[in-house]
């Protein structure tokens, strides 16, 4: 059965799943399928993992949502855990990878504007990249298929081939450049991992020209390469800002934009915000998922406050 009331933006397979268990999905007719998609790099712990179910049920019985005009202790706990595990000092919580990328782009431009250089707006991206489906994100990626029919290109977005080292060195030296955004491992670009030399070169050139480096680890983060974040395989390649999502909630919609104290210095009250991002339910699930990603015991009888 299909619906005539949904927007036709997906070319869906003729399957509907009603139940999941670990790596398996079960269709309406009871047929079992090995899930090799994982919600597109999202269901990192499989379906209905006991730790995640317990976290969701426990928090659902307490508090689902509260506005960000109040303190949300779960945000403080998760931010401390994430920043302790990487380069970052500050965290902003959102719902999707696209939102985390949007925050990263705004953070980079705001950084320069607050330092008296509002003309530094250009963001350099790379051919084959994918940073999400919002308007700024598709402009950062530059894929013509995703831009088609949505009006003029946004100003300030430049794409360069990963192999074009000379072109990148010339582009990043332009005084209008605010940031470089890169996936340490490209997904849509063909599962291409940047070499250690490439990652180090990007970091060095950004430092040379006062440009912020953004890592999009929406897909590669949360242990998918064997380290919590892919760039952690190469010492000295830490970004200034990083977008994380997908496996952060192991299937629950939650994302984070992580940044150093310096990079985040322009994000003052009113500069950014979200309605649902970082609500108590999302934070409880993400804390449980992070506990698993960091190899902590998966005891199903636990208290969220004790993680």
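Structure notes:
- Were the residues from residue 21 through residue 8 laid out at 0.36 nm apart, the gain over their Cα-Cα distance would be 1.8 nm.
- Computed from Cα atoms, the angle from the helix 280-293 axis to the main principal axis of the chain rounds to 80 degrees.
- Shape call, the range 172-307: gyration tensor on alpha carbons, a/c limit 1.5: oblate
- Both numbers refer to the Cα atoms of the range 50-293; Rg and Dmax are 17.5, 57 Å.
- Choice from 11, 95, 68 with maximal GNM fluctuation in the chain (Cα, 10 Å cutoff): 11
- Our summary gives the range 50-293 a relative contact order of 31 percent, counting only alpha carbon pairs under 8 angstrom and 6 or more residues apart.
- Build a GNM of the chain with springs between Cα atoms under 10 Å apart, and of 129, 195, 220 the one that fluctuates most is 195.
- Our estimate of slack between residue 34 and residue 261, defined as 0.36 nm per intervening residue step minus the Cα-Cα distance, is 77.4 nm.
- Cα extents for the range 17-163 along the principal axes, largest to smallest and rounded to whole angstrom: 55, 40, 29.
- In nm, spacing of pseudo-spin labels at residue 193 and residue 113 (7 Å Cα→C-beta vector): 3.8 nm
- Share of alpha-carbon pairs per 10 Å distance bin for the range 87-222, given as whole %: 12, 45, 37, 6
- Helix-only mean residue ellipticity at 222 nm for the chain, each DSSP H run of n ≥ 4 adding -39500 (n - 2.57), per residue, nearest 500: -8500 deg cm²/dmol
- Reciprocal mean inverse distance between Cα atoms of the range 164-222 - Kirkwood radius, Å: 12.1 Å
- Relative to the longest principal axis of the Cα atoms of the chain, the long axis of helix 196-209 makes an angle of roughly 50 degrees.
- Distance between the range 1-62 and the range 95-128 - C-alpha centres, whole angstrom: 33 Å
- Principal-axis tilt of helix 50-60 within the chain, Cα atoms, nearest 10 degrees: 90 degrees
- Gaussian network model of the chain, springs between alpha carbon atoms under 10 Å - residue of 35, 240, 148 with greatest fluctuation: 148
Coordinate-derived values only; no laboratory data. Being a predicted model, the structure only gives us computed values, none of them experimental. Note that we place each Cβ from the backbone using ideal geometry, even for glycine, and neighbour counts take in every protein chain shown.
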